[in-house]
Amino acid sequence: MAVAARGPGNARVDHLLVAEMIEPHSRVLDVGCGDGELLKLLESRGVDGRGIELSREGVNECVAKGLAVIQGDADADLADYPDDAFDYVVLSQTLQATRHPRVVLEHMLRIGRRAVVSFPNFGHWRIRLLLLFGGRMPRTDNLPDTWYDTPNIHFCTIKDFRDLCTTVGVKMERALALNAWGRPLRLHAPWWFWNLFGEQAVFLLSRREG
Amino acid sequence: MAELKAVAGRIAVGREREADQPRSLLAVFGRDQPLRLDAGVELSPFQVAYQAYGTLNAQRSNAVLICHALTGDQHVCNRHPVTGKPGWWETMVGPGKPIDTNRYYVVCPNVLGACMGTTGPASTDPRTGMPWGLDFPVITIRDMVRAQAMLLDRLGIDTLFAVAGGSMGGMQVLQWAASFPQRVFAALPIACATRHSAQNIAFHEVGRQAVMADPDWRGGRYFAEGVRPHRGLAVARMGAHITYLSDAALHRKFGRKFQDRDNPTFSFDADFEVESYLRHQGSSFVERFDANSYLYLTRAMDYFDLAADYGGMLANAFKATKTRFCVISFTSDWLFPTSESRAIVHALNAAGARVSFAEIATDKGHDAFLLDEPELFQIVAGFLDSAATARGIAKV
């Protein structure tokens, strides 16, 4: 994310939405926690937070901030966590950079009772237009990388992600989409509307009972 | 040269006196307070030499225990009484340093079995009036930690704010967290492992064999016979020192450069700078270290296997721990590689512990924890600062 919309307390809007989905005083694992901004926000709300981050710089920055973060890889290291270790496992803007998004999602809901996933929506109208008329892999302010050096190897649309949730058999408890200005879209808009006008999506997921 | 030898001799005598009468703080434990050892025997009487820096606060909540490595000692950040050199962790510990002595009360004991004033094979055996030598019982990392716990009891420190150490010091940190979880608020094991690998045991065995192959070792009774196995101990140190560095660091520092000459001498003189450096490492080490201590401490590291004490499940060593951990490794450390630190982290995660883990990029090898590594300082300072806030230790 190059320029992220900011909300109250200068927190990123997508972070505020994630934080809002998490009950205070719960145990949270943030997978791909970057420089620890979301974890800091969560801890300020009384959450017992842990993080995994791939980049050494990110980890060291987090640890120097006093966050409990370890260097690791969502694809490789989630398998080492025991069942039910956390109340929530968060994957903020990281799903599209994992090698096996489905396996990661399954691990998240094994380790945590709930999962919060936020990702950029590749079905947004601007991206569709860029590909349709530009004829090249779309690049936007929020997704500035060229196709050959991007860490994002598994882009998906909101509809795609919904399908994955159905395939994996997880329950979608809440979903939100943000427009390009970081404002939530109408709650009762149809999925096709979200998929076209949502630049980012945030999902709260839980295990399907039985 | 003769003058140099005389100086070396004076230093050696100074060091040997240091084993019984250290120039540091001292806690003596009489016959009423024996130390129960893993070997099944009791050590009594015994003493622990230590250094302390900073001030213990009124709540007694700001004590930091520093655990030193194999060849370290209690002189963390003061001039060394034997060598006259600066303390071994002055970059890390001191006023305004990451382990800030303005804020924390720092205690560093000389480990059990060492030779700087805590009871070890170079200390006088009260039964004979001669140095213990090989009559000293074989000790373990857990024994060292038990002795440290007795020292803290003596100092009236119930809970440590933090325990920190690298290498063998890191092993003690892990043992502290496992043996006395309720006494450790934060733990900083650096460049270490929960067990000594076969390769590490192998290196230590080479070192010990070098000491024991020296005719002056005399079956460990060299004090009585007025000799010292300096050559053997120096070779052991030279070998070990290579394992503390890295190929890249050695190449950067020395390459194939010649020592004070332009051409090879076609002899076995120290033609290369790296040879001269290692010889210097060996000869300066023997002036401050006891050969038998080297045998005992390397053995203690070899025996260390924390998981084995908990039914083979490392996570059980940290079950329900409330301690906060910060595990640190270095990319070029091949003695205690990052994979060993990851094993610690996995176990801590499985135990649900609050753990941070950072791997620092450096080419300086295992010794990086002793050197100027700004990233290491930032991480330690940040980790301790947030833990201190959680513990309610006032900022300075």
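Every number here is computed from the coordinates shown, using simple stated rules; none is lab data. Since we're looking at a predicted model, the values are computed, not measured. No Cβ is skipped: glycine too gets one built from the backbone with ideal geometry, and neighbour counts run over all protein chains shown.
Points worth noting:
- Hydrophobic, long helices, defined as DSSP H runs whose alpha-carbon span along the helix axis is 20 Å or greater and whose mean Kyte-Doolittle value is at least -0.5, occur in chain B at B:2-20, B:141-155, B:198-213, B:230-244, B:374-391.
- Note that the stretch A:1-117 shows a convex hull volume over its alpha carbon atoms of 96 Å³ per residue.
- Computed over the stretch B:223-314, relative contact order equals 32 percent, with contacts defined as Cα pairs under 8 Å that lie 6+ residues apart.
- Against the empirical 2.2 N^0.38 Å (N residues), chain B has a Cα radius of gyration ratio of 0.97.
- Residue-averaged 222 nm ellipticity for chain A, from DSSP H runs of 4+ at -39500 (n - 2.57), nearest 500: -8000 deg cm²/dmol
- Where only DSSP H runs of four or more residues are counted, chain B gives -12000 deg cm²/dmol as its mean residue ellipticity at 222 nm, each run worth -39500 (n - 2.57).
- Contact order for the stretch A:93-173, expressed relative to its length and based on alpha carbon pairs under 8 Å spaced 6+ residues apart, stands at 39 percent.
- Largest first and in whole Å, the equivalent-ellipsoid semi-axes of the protein assembly as shown read 54, 27, 20, each the square root of five times a Cα gyration tensor eigenvalue.
- Here the protein assembly as shown carries DSSP beta bridges of which approximately 40% are antiparallel, counting only pairs with both residues inside.
- Of the trypsin sites (Lys or Arg not before Pro) in the stretch B:305-346, those whose Cβ has at most 12 other Cβ within 10 Å and which sit in DSSP loop: B:Lys322
- Dividing the mean sequence gap of close Cα pairs (under 8 Å, 6+ apart) by how many residues chain B holds gives a relative contact order of 18 percent.
- For the pair the stretch B:188-262 / the stretch B:317-396, the C-alpha centres are spaced 27 Å from each other.
- Taking label points 7 Å from Cα along the Cα-to-Cβ direction, B:Lys395 and B:Ser284 give a separation of 3.9 nm.
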